[in-house]
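Here the structure is laid out as structure tokens; the discussion comes afterwards.
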């Protein structure tokens with residue numbers, strides 16, 4: 001058997017007519033084509049995400065960088081986030097001239113420990129970046145209370161969690177600003193790359209639009225050291241065609257996650273993710289914990305099953321941060337995750353039979369290894 005970790009080819013095949021029609025509607029005979037297509041997608045995205053403003057940019061990393069710049073914090077100010085996660089979160093903080101302060105995960109969770117975050121606050125702390133990792137929402141109301149109590153800004157990294165809800169609200173609506181990614185590997189993905197900044201603050205939205213256009217306020221007047229980061233109009237057209245399908249795809253991901261859980265039930269050595277409350281998890285990734293992670297991964301690879309280790313290193317260990325101010329703690333729970341996490345295939349076009357085959361191979365390896 002051959003089962004990829006992720007593929008867009010199956011999805012694009014089912015949407016071929018819709019995607020073709022969407023791309024054909026990009027009118028290259030008018031100079032307004034890019035602005036019109038971009039505006040249409042931004043309006044649809046803002047409505048879906050339940051925010052006032054969505055500013056589409058070239059990548060999720062750019063969205064995070066722009067979100068951090070929008071804080072207008074003094075250079076060297078501290079921003080708290082989790083030590084376990086993708087490089088771009090901490091990199092955006094550094095690029096904005098700020099100092100990441102990296103804390104541990106919560107017990108039994110892949111997500112940031114708010115108690116550890118509270119203990120990390122100093123008089124230099126200006127913000128906390130809450131990462132809704134693997135598609136699972138952090139407690140949005142608790143995050144909002146945390147930020148309000150300590151008079152700091154809340155930034156939401158929703159790169160892996162668009163569509164997830166906490167307490168009935170979409171992620172990205174609890175803080176001052178949020179960032180999305182539409183990288184081709186995401187559950188709402190471009191053909192190549194893209195991202196967006198979400199906010200209910202008109203000033204932050206204006207700042208984000210300025211930052212994506214070289215920091216230009218219009219013409220050749222540049223008020224900020226911005227980026228050249230406009231979402232390609234063809235990617236915007238593709239995303240606009242996909243967006244109406246997103247909730248259905250998320251529903252299918254939840255079905256597949258439930259099937260994995262049923263198949264692997266009773267194996268305490270394989271720790272599978274669970275829904276802690278309704279609509280909290282969109283299963284951008286289905287990540288299990290297993291003591292012999294590398295052995296299991298090799299076993300699955302030999303049988304044609306793609307997997308991914310997200311993530312094998314803590315953020316503060318990344319060589320790119322050498323020479324930069326990055327503060328971290330011991331973070332034992334986060335460190336243990338780097339040794340045992342393994343993400344399994346989960347995408348809407350994955351079949352029930354494929355999930356059963358993957359599960360069977362996992363159980364065979366567990367039996368063979370005495371687990």
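Find the residue count for the range 70-85, including only residues that are touching a helix residue (DSSP H, G or I) at 6+ places or on another chain (Cβ under 8 Å) and either modelled with pLDDT of 95 or more or not assigned by TED's automatic domain parsing to the domain that holds residue 187 (or both).
Residues that pass the stated criteria total 7.
Quick one: in the range 349-359, of everything that is part of a helix (DSSP H, G or I) and out of contact with any helix residue (DSSP H, G or I) (no Cβ under 8 Å at 6 or more places or on another chain), which residue is nearest to residue 188 (Cα to Cα)?
354
Within the range 252-270, restricting attention to residues that are within 25 Å of residue 107 (Cα to Cα) and free of Cβ contacts under 8 Å to residues at least 24 places away in the same chain, which residue is surrounded by the most Cβ atoms within 10 Å (Cβ to Cβ)?
Per the stated criteria, the residue is 261.
Look through 207, 223, 213 and report the one residue that is touching a residue at least 12 places away in the same chain (Cβ under 8 Å), more than 20 Å from the chain's Cα centre (by Cα) and crowded, with 19+ Cβ neighbours inside 10 Å.
207
Among the listed residues 327, 284, 299, identify the single one that is in contact with a strand residue (DSSP E or B) (Cβ under 8 Å, 6 or more places away or on another chain) and modelled with pLDDT of 95 or more.
Going through 327, 284, 299 in turn, the sole match is 327.
Closer than 27 Å to residue 182 by Cα, out of contact with any helix residue (DSSP H, G or I) (no Cβ under 9 Å at 6 or more places or on another chain) and not assigned by TED's automatic domain parsing to the domain that holds residue 112: is that true of residue 278 in this structure?
Here the answer is yes, as residue 278 does meet what is asked.
Quick check on residue 117: is it in the same structural domain as residue 179 (by TED's automatic domain parsing), crowded, with 19+ Cβ neighbours inside 10 Å and over 27 Å from residue 344 (Cα atoms)?
Judged against the criteria, residue 117 is a match.
Within the bounds of the range 46-54, is there any residue that is without any contact (Cβ under 8 Å) to a residue 60 or more places away in the chain and more than 20 Å from residue 191 (Cα to Cα)?
Checked against the condition, which is being without any contact (Cβ under 8 Å) to a residue 60 or more places away in the chain and more than 20 Å from residue 191 (Cα to Cα), the range 46-54 yields at least one hit.
With respect to the numbered conditions (1) out of contact with any helix residue (DSSP H, G or I) (no Cβ under 6 Å at 6 or more places or on another chain); (2) surrounded by fewer than 20 Cβ atoms within 10 Å (Cβ to Cβ), which one is the sole condition not fulfilled by residue 89?
(2)
Of all residues in the range 150-168, which are out of contact with any helix residue (DSSP H, G or I) (no Cβ under 6 Å at 6 or more places or on another chain), surrounded by fewer than 22 Cβ atoms within 10 Å (Cβ to Cβ) and farther than 29 Å from residue 124 by Cα?
Once the filter is applied, which keeps residues that are out of contact with any helix residue (DSSP H, G or I) (no Cβ under 6 Å at 6 or more places or on another chain), surrounded by fewer than 22 Cβ atoms within 10 Å (Cβ to Cβ) and farther than 29 Å from residue 124 by Cα, the range 150-168 yields 165, 168.
Determine whether residue 249 is surrounded by fewer than 21 Cβ atoms within 10 Å (Cβ to Cβ) and farther than 21 Å from residue 131 by Cβ.
For residue 249, the condition - surrounded by fewer than 21 Cβ atoms within 10 Å (Cβ to Cβ) and farther than 21 Å from residue 131 by Cβ - is met.
The values are calculated or read from the model by the stated rules, or taken from the named source; none is laboratory data. Nothing here was measured: the structure is a model prediction, and the numbers come from that model. No Cβ is skipped: glycine too gets one built from the backbone with ideal geometry, and neighbour counts run over all protein chains shown.
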